[in-house]
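**Q** Starting off with a structure, shown below.
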Amino acid sequence: MKVLVSDPLSEQGLTILQQHFTVDVNTGLSEEELVEKISEYDALVIRSGTQVTRRVIEAADRMKIIGRAGVGVDNVDVEGATEKGIIVINAPEGNMLSAAEHTIAMMMSLARNIPQANESLKSKKWERKKFMGVEVNGKTLGVIGLGRIGAEVAKRAQGLEMKVLAYDPFVSEERAKEMGVTMRSVQEIAKEADFVTVHTPLTKETRNIIDAEEFDLMKNSTRIINCARGGIINEEALADALNNNKIAGAAVDVFVNEPPFDSPLLDCEKLIVTPHLGASTKEAQVNVAVSVAEEIVSVLTGGNAKNAINIPSVKPELMTMLAPYIQLAETMSNACAQLLGKNYEKIEISYNGDIAEKDTRPVTVAAVKGMLEVALGSAVNYVNATSLAKSRQVEVVERKSDTTEEFSSTIKVEVTMGDEKAAIAGTIIGGKGKIINVNGEHVDMIPSGYLIVAKHINKPNVIGPCCMVLGKNNINISGMQVGRAEIGGTTIMALNVDSEVPEPILKEMRAVEGIIDAKLIKL
Ligand code: NAD
Ligand code: MLT
């Protein structure tokens, strides 16, 4: 296997990769060069420099995983990677403390004009009056985005005896309270805070979350910091606010275009800047490189991805417990799609009993994958199954109930097209899957090998002739289950057979008087 490292990566991360794979370090590639080379590689490791565009992804025919040694994946076309079945991972925790410390360093530098004073004295000026600062003690800090880094910044600001307000629609009042933080709207923060710092990802909701209207609400003494992503604060509005003394200063580590040599911001006297240094500490770089390298080794050698952006990630202990359910759900949904034998518009996965209390997302993904595989073959995998179902307008429904009748946990998969449906239920006994119901009929089957499901009228002389058809064609029946129904009613027989059954033999079975349909399923 070959790994391309296209941005600088710490030695420790490289060593881990080199112990398992051929590793090429080739930094500073243009999009064109990357498109040309990428088809040779099974994995790509990047930081924020490499732009993994749709063109790059389309050319990445062997690629299985893209590892971002850092948090933000805004330089990766994650949707494109998902469609192509490529796992995207990041290292969400490795640099959070460095980024939080950089934010505090920027805030203190802003408060005391340290960069400007440093520059002045080094040019042989002694300007003590010009660089009068402010204390942060007792001041209010507004944090937009109270995630990993935002929370660390809030904690450190409280250590500096600041009052902390925050805006984050995904953090509850209770959680904020536990952190000693008061939740407010962006506008309230703009009005009240002495310092404002942003720590959200860059999304369509957060782009320009601080814009001209918010600057208009701020006090002239307010100072603002962006150590998250360029574009969260509108750069033109910020330049305007600084140049027109609407605010007292700004500290910026990240820019819409990096390096930002054409940005109007660089001419603002009240602005202090660093060249995207938030994660640039020895500790953070080792942490993120090791985390991404270990995860790439795990995925390329058949293990799990802990920090995947585009597949549900669950704790390893839970994954062990879910593994047989994942296999069972995939087999059952695949069998349902085969039974239905046509397109489908909906898949419903019902979890009953103990399993309903678990995080069943990977089981649902496996069920969707199993169903789609009948039509799409190896083009579908755990990464792209959900997005493929969505693009094919297949509705995915999960149901949960804590009650079951016979078993402690059961899963039922139902695949529907209009009025027609196929439904199979199963359970896990002693770590192994078992099918317990097919289309409403109780059965007891091991989900492996070949199975003939024959719908028929419950009357004499149907089952025997069917078995004769198989026998005379030298097909061994290894198991048989027949559903209960009134005489003359419709039921199913499920025949486990030892080999594939060619279509002409199935046709012969369907010709038996009383047989409504007979289908072969590969479990
Ligand atoms: P995180 O996912 O832990 O936290 C982000 C928070 O933003 C979450 O709590 C989320 O609920 C919140 N959020 C999402 N949408 C929001 C919205 N519309 N309004 C308000 N809040 C919203 O991420 P993190 O690890 O704390 O990283 C935060 C940012 O810092 C990211 O943009 C990341 O790329 C950046 N970062 C920069 C550097 C650097 O070198 N400067 C280093 C590390 C991380
Ligand atoms: C990140 O998102 O982790 C940061 O931008 C740091 C980086 O990789 O440079």
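The values are calculated or read from the model by the stated rules, or taken from the named source; none is laboratory data. Everything quoted here is computed from the prediction, not taken from an experiment. Positions of Cβ are backbone-derived with ideal geometry, glycine not excepted, and every protein chain shown enters the neighbour counts. Ligands, DNA and RNA are stripped out before the accessible areas are found, and what is left, the full protein with its side chains, is counted by its heavy atoms. Shrake-Rupley method; radii C 1.70, N 1.55, O 1.52, S 1.80 Å.
**Q** Cα atoms only, the stretch 433-518: Rg and Dmax in Å?
**A** 12.3, 34
**Q** Note the angle between two axes, namely the Cα long axis of helix 148-159 and the longest principal axis of the Cα atoms of the chain, as a number of degrees from 0 to 90, rounded to the nearest 10.
**A** With rounding to tens, the tilt is 40 degrees.
**Q** Another question, then. Over the stretch 96-273, what number does the Rg to Rh ratio reach, with both radii from the alpha-carbon atoms and Rh per Kirkwood?
**A** My calculation of the ratio gives 0.95.
**Q** Residues with beta-carbon under 15 Å from that of residue 478, excluding residue 478: net charge, scoring Lys, Arg +1 and Asp, Glu -1?
**A** Overall, the nearby charge balance is -2.
**Q** Under the Karplus relation 6.51 cos²θ - 1.76 cosθ + 1.60, θ = phi - 60°, what is the ordered set of whole-Hz ³J(HN,Hα) values for the stretch 393-407, x standing for Gly and Pro?
**A** Working through the residues one at a time gives 6, 8, 7, 10, 10, 10, 10, 9, 8, 8, 10, 9, 8, 9, 10 Hz.
**Q** Ranked highest first by average number of other Cβ atoms within 10 Å, how do 257-270, 322-335, 429-442 line up?
**A** Final packing ranking: 322-335, 429-442, 257-270.
**Q** Can you tell me how the stretch 135-222 classifies by the Cα gyration tensor, rounded, prolate or oblate, using a/c under 1.5 as the rounded cut?
**A** Oblate, because a/c is 1.5 or more while a/b does not exceed b/c.
**Q** Let me ask something additional. To the nearest 500 deg cm²/dmol, what mean residue ellipticity at 222 nm is calculated for the chain from DSSP H runs of n ≥ 4 alone, each contributing -39,500 (n - 2.57), summed and divided by the residues?
**A** -10000 deg cm²/dmol
**Q** Tilt of helix 282-300 relative to the longest C-alpha principal axis of the chain, in degrees (0 to 90, nearest 10)?
**A** Roughly 10 degrees between the two axes.
**Q** Tell me which residues come under 5 Å, amide H to amide H, from residue 142 once H is placed; ignore anything under 5 positions away on its chain.
**A** 165, 194, 195, 196, 197
**Q** Can you give the FRET efficiency for residue 459 and residue 301, using 1/(1 + (r/R0)^6), R0 = 56 Å, r = Cβ-Cβ distance, to the nearest 0.05?
**A** Computed FRET efficiency for residue 459 and residue 301 comes out at 0.50.
**Q** Additional query: In Å and from the alpha-carbon atoms only, list the Rg and Dmax of the stretch 251-390.
**A** According to the Cα coordinates of the stretch 251-390, Rg and Dmax are 22.4, 71 Å.
**Q** So for the stretch 326-420, averaging the separation of alpha carbon pairs under 8 Å that are six or more residues apart and normalising by length, what relative contact order in percent results?
**A** Averaging sequence separation for qualifying contacts and normalising by length gives 49 percent for the stretch 326-420.
**Q** A further question follows. What list of ³J(HN,Hα) couplings, whole Hz, do you get for the stretch 224-241 from phi and the Karplus terms 6.51, -1.76, 1.60, once you set θ to phi - 60° and write x for glycine and proline?
**A** 10, 10, 10, 10, 10, 8, x, x, 5, 9, 5, 5, 5, 4, 5, 4, 5, 5
**Q** Figure the gain on full extension for residue 473 and residue 397 (residue separation times 0.36 nm, minus the Cα-Cα span) and round it to one decimal in nm.
**A** Gain on extension, residue 473 to residue 397, equals 23.2 nm.
**Q** Averaging sequence separations of C-alpha pairs under 8 Å and six or more residues apart, then dividing by the length of the chain, give the relative contact order as a whole percent.
**A** RCO, the chain: 11 percent.
**Q** Take the Cβ-Cβ distance between residue 158 and residue 487 as r, set R0 to 51 Å, and report the resulting FRET efficiency rounded to the nearest 0.05.
**A** 0.05
**Q** Can you tell me the order of 487-493, 189-195 when each peptide is scored by its average per-residue count of other Cβ atoms within 10 angstrom, highest first?
**A** Answer by packing, highest mean first, reads 189-195, 487-493.
**Q** Around residue 20, what is the net charge, scoring Lys/Arg as +1 and Asp/Glu as -1 over all other residues with Cβ under 13 Å from its Cβ?
**A** -2
**Q** Using amide H atoms built in the peptide plane, which far-off residues or other-chain residues are under 5 Å from residue 41 H to H?
**A** 62
**Q** Between residue 240 and residue 283, what is the label-point separation in nm under the 7 Å Cα-to-beta-carbon projection?
**A** Distance between the two pseudo-spin positions: 4.1 nm.
**Q** Would you list, by chain and number, the lysines whose Cα falls below 27 Å from the Cα of residue 434, excluding same-chain residues fewer than 8 positions away?
**A** Of all the lysines, those that pass the test against residue 434 - Cα under 27 Å, at least 8 places apart if same chain - are 315, 342, 346, 358, 369, 400, 412, 421, 455, 519, 522.
**Q** I would also like to ask the following. Over all directions, the average projected area of the alpha-carbon convex hull for the chain comes to how many nm²?
**A** So the Cα hull casts an average projection of 30.5 nm².
**Q** A follow-up question, please. If a/c stays under 1.5 just call it rounded; otherwise compare a/b with b/c (prolate if a/b is bigger, oblate if not). Do that for the stretch 307-437, with a ≥ b ≥ c from the square roots of the Cα gyration tensor eigenvalues.
**A** Here the stretch 307-437 falls in the oblate category.
**Q** Using the per-residue mean of other Cβ atoms lying within 10 Å as a proxy for protection, in what order, highest first, do the peptides 127-136, 418-427 fall?
**A** 418-427, 127-136
**Q** Work out the FRET efficiency for residue 131 and residue 321 from their Cβ-Cβ distance, taking R0 = 56 Å, and round it to the nearest 0.05.
**A** 0.40
**Q** Using a probe of 1.4 angstrom, how much of the accessible area of the stretch 1-83 is carbon and sulfur, in percent?
**A** Roughly 45 percent, rounded to a whole number.
**Q** Another question, then. Give the lysines whose C-alpha is closer than 19 Å to that of residue 163, dropping any in the same chain fewer than 8 places away, or say none.
**A** Within reach: 139, 155, 177, 191, 219.
**Q** Using only Cα atoms, find the angle between the long axis of helix 96-112 and the longest principal axis of the chain, and express it within 0 to 90 degrees, rounded to the nearest 10.
**A** Rounded to the nearest ten degrees, it is 20.
**Q** So for the stretch 326-420: antiparallel DSSP bridges make up what percent, rounded to the nearest 5?
**A** Percent antiparallel among DSSP bridges in the stretch 326-420 is about 55.
**Q** Here is a further query. For the stretch 441-457, in order, what is each residue's ³J(HN,Hα) by Karplus, 6.51 cos²θ - 1.76 cosθ + 1.60 with θ = phi - 60°, in whole Hz (x at glycine and Pro)?
**A** Residue by residue, the stretch 441-457 yields 9, 5, 9, 8, 9, 7, x, 8, x, 10, 9, 9, 10, 10, 7, 8, 8 Hz.
**Q** Where the accessible area of the stretch 244-385 is counted over protein heavy atoms with a 1.4 Å probe, how much of it, in %, is carbon and sulfur?
**A** The value for the stretch 244-385 is 51 percent carbon and sulfur by accessible area.
**Q** Moving on to the next point. Quick one: net charge of residue 354's neighbours, Cβ under 14 Å, K/R +1, D/E -1?
**A** -3
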